[in-house]
């Protein structure tokens, strides 16, 4: 199969337009000029675009070609091991240079910034998948790259940090003393394990202060989800049969949106009718226990207000190994669609996810990153329900990255030392009390 | 492109037959019965086969399909960075479940053993690439797997060890006290960093003592190189232009043989005429500083005598990070072909190889394992010679694995702390003095 020529923008196909981001001071919708200190104009245009399809530039296709199209595989061995009549397909993104789906957006982001004359990009990273993807992409287009990595992952996953450095990036543990936002957190909580919200504040602070510096975000925003639709477009073309159920993990929503948007287009057009289900960690249950409200995308309150499912921008999730899912908020676009009833959401405990990861590795051979083990845990649960009911459902999931950097976590699981965090409602209530009026 | 249906056996196409393995006691050629305690009969038949093509069983193709055919990529960004008129192609094997080319033989070895009723496989591993590949393959066919991992890598690369355990294998550091062979080494050298030769002795000792236990080797033997020819067969079909130079790294020879044998078939038939070049580490220079003689494949002297390029079975290479190249001997088949003048060999220092690895990562995006950085270092050297002469040569190389488990080594290199070992002739002479009379 060949590469998709266009990204798919679901916004114009929705039954209602998503609420706009607001300026925190004026409470008016932000315009392109408000975003210009952070992003180049071509990305801002994509962020607010109402075109259904956006052409992928040739320079981006030339890099995509290194690992795309990615394989769509049938999990026959897993099916046999489960004894399920379900047919399970997975789209595997771990063959990319950074080992995850993140380069799908890192590459166009670096490209558009380079074309706009930007010299340096700043960003945050959780588990390091996004950071290593952006470091790789920057090396492709001659940009410098400066990364704030959430402290919990910085300590747990030193080798992702090393990978970013091999690609030539500078990496700070977040919270760091390099920024005012980081310094403030450290002053109050010297032992902070960090969060994506804090790291975003640090990266945004540095980008906003520099003339030829811009900021890149690895998830959440419309243009990021747009770029990830290559996953779903390829899968649509590769599948021999249309899915009854589509399952993806959600942190900021880019892997999930990238997988499901093209299928939702077909569903909105009445051509298919799959159930679509997001899976989030029980330690950071944005859809299932958060509220739908305007909130900051970062901890310090530097970003516009985004209407989204949020646990509050002060919420610091427990240090689960799925660092890429430790985000207090959620893509505003997906949040809007969830409110419209376009998909379901469930949450999973860490140990159930690692159990699914080991089961998948021992049957299908691929070691999954902790993030997609959430989708695999629900995929296995769905396949076992099919076993009970005898329904031969077709299940599609996204295996968005390999776990070769996550073996310390697997070691903990195999040794029986993996912790399952409980999240008392009071912690959510406390964080939600800090929502902007 | 589709998967190859057959493995290619170069033996019947050679101008002279390779010298046979000898029984160390009788000095007579070993027969199938001598090998039966170690290998199932179908693999022994492949080891001595004179058929040019061996059909790949459907069960093996079904597993190969998880990651094969592997991509053949043109290194346009590296070419541009070097300013060379050469055109560089690389065959990338890092997308396999274990991240290297090793599953190409691990899968058929596990399959034939399972079909023969074997319940457990033992093996050695250097950097862990072979061990994780065999652990994966055993999990596919329901076999137990017990692995002796060279101490130097066991300590440097804990996460490969974890990966083997996720696949369900048991892993010992070698030398270990589990075996007589390991215990003997430990008694003499309690701080031994180990070697592939010692680890082989341990795995062979355990396999030979058990009824339903057999041994699997990750390189060196004819049937292993046979299975790896899927690499070269696919590359032949994928290339748009035939190579002038083919470059591969050599430890035991399986990646190199797998890449070059199909091209050598075409060369022997007069259809193409590439220069073929093996690259080995300066710390373990089997071709370039070893002798061509009968020697044991392991340290304890359990294996048949193999006529090969060897540094002596007592030789313990310095602990370079390319653990997969730390073997005192060389494939007897490749050794024979080297004597026939069918290819060249050069050696490279560790730091030159890591320099090439970082350069490759920053241009092509893929982080190479330390082993294929040897091939990349020579590929870059050849491309720079082309720049001087203006020759637009077509260069083909094999990128046989990713370096996501090797970032501690890259960290050392980037920090300037990487050591380059010198290998005094006296150490080689001492080891060669122990060759079997």
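Computed quantities for the displayed model
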| item | result |
| --- | --- |
| Globularity index of the protein assembly as shown, i.e. its alpha-carbon radius of gyration over 2.2 N^0.38 Å | 0.95 |
| Inter-probe distance in nm under a simple model that places probes 7 Å from Cα toward Cβ, at residue A:340 and residue B:430 | 7.5 |
| Convex hull volume per residue in cubic angstrom - Cα atoms of region A:7-154 | 182 |
| Relative compactness, region B:312-380, computed as alpha-carbon Rg over 2.2 N^0.38 Å | 1.27 |
| Two-decimal Rg to Rh for region A:79-199 - Kirkwood Rh, Cα set | 1.11 |
| Protection-proxy order for peptides B:154-164, B:216-226, A:281-291, A:26-36, each taking the mean of Cβ atoms within 10 Å per residue, highest first | B:216-226, B:154-164, A:281-291, A:26-36 |
| Sites residue B:288 and residue A:385 - FRET efficiency at Förster radius 51 Å, r taken between beta-carbons, to 0.05 | 0.25 |
| Order of A:388, B:146, B:419 - criterion: other Cβ atoms within 10 Å of each residue's Cβ, fewest first | A:388, B:419, B:146 |
| Cα-based convex hull, region A:273-399, per residue volume (Å³, whole number) | 115 |
| For residue A:427, inter-copy label distances in nm, listed shortest first [label point 7 Å out on the Cα-Cβ vector] | 5.2 |
| Cα centroid separation, region A:47-73 to region A:403-437 (Å) | 33 |
| Kirkwood Rh and Cα Rg combined as Rg/Rh, region A:329-437 | 1.03 |
| Cα shape, chain A, gyration tensor, a/c 1.5 rule | rounded |
| Per-residue Cβ neighbour rank within 10 angstrom, fewest leading, A:249, A:138, A:145 | A:145, A:138, A:249 |
| FRET efficiency, 1/(1 + (r/R0)^6) with R0 60 Å, evaluated for residue A:415 and residue A:23 via beta carbons | 0.75 |
| C-alpha center-to-center spacing [region A:220-279, region B:108-165] in angstrom | 37 |
| Inter-chain Cβ neighbour average for residues B:160-169, partner chain, 10 Å | 5 |
| Inter-copy spacing of residue A:211 label points, which lie 7 Å from Cα along Cα→Cβ, given in nm from shortest upward | 8.3 |
| Mean Cβ count within 10 Å, highest first, over the residues of peptides B:254-263, A:16-25 | B:254-263, A:16-25 |
| Label point distance in nm, residue A:16-residue A:240, each placed 7 Å from Cα along Cα→Cβ | 4.2 |
| Nm distances between copies for residue A:271, ranked from closest, using label points 7 Å along Cα→Cβ | 4.2 |
| Inter-label distance for residue A:211 and residue A:275, nm, one decimal - labels placed 7 Å from Cα along Cα-to-Cβ | 5.8 |
| Percent of alpha-carbon pairs separated by more than 25 Å within region A:169-285 | 43 |
| Counting DSSP beta bridges with both ends in the protein assembly as shown, the antiparallel % (nearest 5) | 35 |
| 10 Å Cβ neighbours from other chains, averaged over peptide A:125-137 | 1 |
| Ranked list, fewest to most other Cβ atoms within 10 Å of each Cβ, for A:132, A:49 | A:49, A:132 |
| D (Stokes-Einstein, µm²/s), Kirkwood Cα radius, region B:283-350, 1.567 mPa s at 4 °C | 105 |
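Read-outs throughout are calculated quantities, based only on the coordinates presented, and are distinct from any laboratory measurement. From a predicted model like this one, the values you see are computed outputs, not experimental measurements. Glycine also receives a Cβ, built like all others from the backbone with ideal geometry; neighbour counts cover every protein chain displayed.
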